[in-house]
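Written below as structure tokens is the structure these notes are about.
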Amino acid sequence: MEIDQEDLTGAVVLVLLAVALGLVVAGVETVAGFDVLAAGESAVGYLAAGNFSVGVLSTGIFSVGIFAAGIFSVGVFSIGVFSIGIFSFGIYAAGLYAAQRHVRSNG
């Protein structure tokens, strides 16, 4: 049985979300001085969401993290219009395993 790399990535993200949920339910608010859940204009935390976000799982206009999603994203696994990472997907993607999506006009 072969395991596809995309399936493995999804499993890792689900495990990280489960860990974050477990920490929140247990009442842990910070890990190594960073918030478990962070949201706002500038967010830094395990799960971060904001215009400028840094975290293991981060999303925002400018996002940096292991798993990053946003307009401008930098991370090991990154998704965005402009993305940089080992595994990146976007219109302008750069990385070891980069998938670029080109938009064509039908005119």
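Only one entry of I66, I86 meets the criterion of being at pLDDT 85 or above, surrounded by 16 or more Cβ atoms within 10 Å (Cβ to Cβ) and either under 20 Å from V13 (Cα atoms) or of a type in the set (G, A, S) (or both), and that entry is I66.
Scan segment 10-48 for residues that are over 16 Å from I66 (Cα atoms) and under 15 Å from the mean Cα position of the chain (by Cα) and the total you get is 1.
Checked against the criteria, A98 does not count as under 24 Å from V24 (Cα atoms), small (G, A, S) and in a strand (DSSP E or B).
The values are calculated or read from the model by the stated rules, or taken from the named source; none is laboratory data. Since we're looking at a predicted model, the values are computed, not measured. Positions of Cβ are backbone-derived with ideal geometry, glycine not excepted, and every protein chain shown enters the neighbour counts.
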